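What follows is one structure encoded as structure tokens, with my remarks underneath.
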Amino acid sequence: MHGRVAEARHRGHNSQIENARRAFEAIRPLIAEATTSGQDTPQRLANFLNARGPITSRGNPWSRQAARLLLKKMAPWGSTD
């Protein structure tokens, strides 16, 4: 039983990572545009994304905190250039 639970958790974790990667790839061009135009602080990035329409994966407008986490997590997926 414990092996199945661990396996299910592992699959769920991998699914979350893949969903985050897809969401990032969808907005990657906007992030590149934002950061090259100086919108590289969390608040400026949130304002930039909100002005252009994409919402977070939870369906909310971008907050400073969500943008901060996005900037922090971008590194493992590579540059936005």
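A short reminder: the numbers here are calculations on the coordinates, not readings from a lab. Here the structure is a predicted model, which means the values were calculated and not measured.
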The relative contact order of the stretch 2-77, taking Cα pairs under 8 Å that sit 6 or more residues apart, comes to a percentage of 24
Contour minus Cα-Cα span, Ala51 to Gln65, at 0.36 nm per residue, comes to 3.4 nm
Here the gain from full extension of Ala20 to His2, 0.36 nm per residue of separation minus their alpha-carbon distance, amounts to 3.8 nm
In degrees, nearest 10, the alpha-carbon axis of helix 42-52 is tilted away from the dominant principal axis of the alpha carbons of the chain by 80
For the chain, longest principal axis from Cα atoms; helix 64-74 axis from its Cα atoms; angle between them, nearest 10 degrees, is 70
